[in-house]
Amino acid sequence: MKFIAGAVSAAVIAFSAAAALAAPLKLTPANPQPSSVKPGLAVTYAYPQDVKSLAQAEWALKSHGEPGRPIAGLDNRDTAEGEPTLTSKRAMHVAARITGYVRLDQPGVHTIDFLTNDGLLARIGGQEVGKFDGRQACDSTVQTEVEVPQAGWYPVDILYFQRLGTACLHMRMGPKGKRPMWMKNSAFGH
């Protein structure tokens, strides 16, 4: 009988842990809320000889980062080969740190994902909401459920890299149970 009770207790603990992992990530709004923001997102670039991972992108930015022209937001469609990545000077071998805020006006549970070519580590409101550490054509990351506790500005911190070929970077978001939609560039500020 003790064995069965122990097995049931272990099952309850395992179920509780799994349920906790499935809970939406609670985003933390900027505190204090910014009183004025410029449109778009700030960006720092580095141009390594090659970049194949987020760790290499991070290293390049720490050792050779330089401010770039702000990007309009996170609706950056797939480029034609040879066109510059975001607002950088180059089409290939680009690392970027993108920072600023996103304005989220609907509290509740939402789904976020990104389309990226190539690597991405995205944090919003202190939570990791998107990650892909590799190379791919413009494709989506895993969807992440988040809880937006209140309307307002939320900090954005994105590490991104583009190696070869074309480049894209999009964010999509929508209420839980509905298809995520493109985030308009007007939702972002720095």
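Just so it is clear, none of the values below were taken in a lab; they were calculated from the coordinates. Remember, it's a predicted structure, so these values are computed and weren't measured experimentally. Using ideal geometry, Cβ is built from the backbone for each residue, glycine included, and neighbour counts are taken over all protein chains shown.
Amide H to amide H, with H built 1.01 Å from N, G73 comes under 5 Å of L41, counting only residues 5 or more places away or on other chains. Working note: 222 nm ellipticity from helices only, DSSP H runs with n ≥ 4, each -39,500 (n - 2.57), summed and divided by the residues of the chain, gives -5500 deg cm²/dmol to the nearest 500.
Region 81-152 has equivalent-ellipsoid semi-axes of 27, 14, 10 Å, by the square roots of 5 times the alpha carbon gyration tensor eigenvalues, sorted largest first. Averaging 1/r over every pair of different alpha carbons in the chain and inverting the result gives a Kirkwood radius of 17.6 Å.
Taken over region 130-179, the convex hull of the Cα atoms encloses 103 Å³ per residue. Reported to the nearest whole Å, the Cα centre-to-centre distance from region 77-116 to region 146-190 is 8. By other beta-carbon atoms within 10 Å, ranking R163, R123 with the fewest at the front produces R123, R163.
With contacts defined as alpha carbon pairs under 8 Å and 6 or more residues apart, what's the relative contact order of the chain in percent? Spell out each step's value before the answer.
Numbers: 500 pairs, mean separation 57.1, N = 190.
Averaging sequence separation for qualifying contacts and normalising by length gives 30 percent for the chain.
Arranged from fewest to most other beta-carbon atoms within 10 Å of their beta carbon, M181, M171, M92 become M181, M92, M171. Of K26, K52, K178, the residue with the greatest mean-square motion in the GNM of the chain, using alpha carbon springs below 10 Å, is K178.
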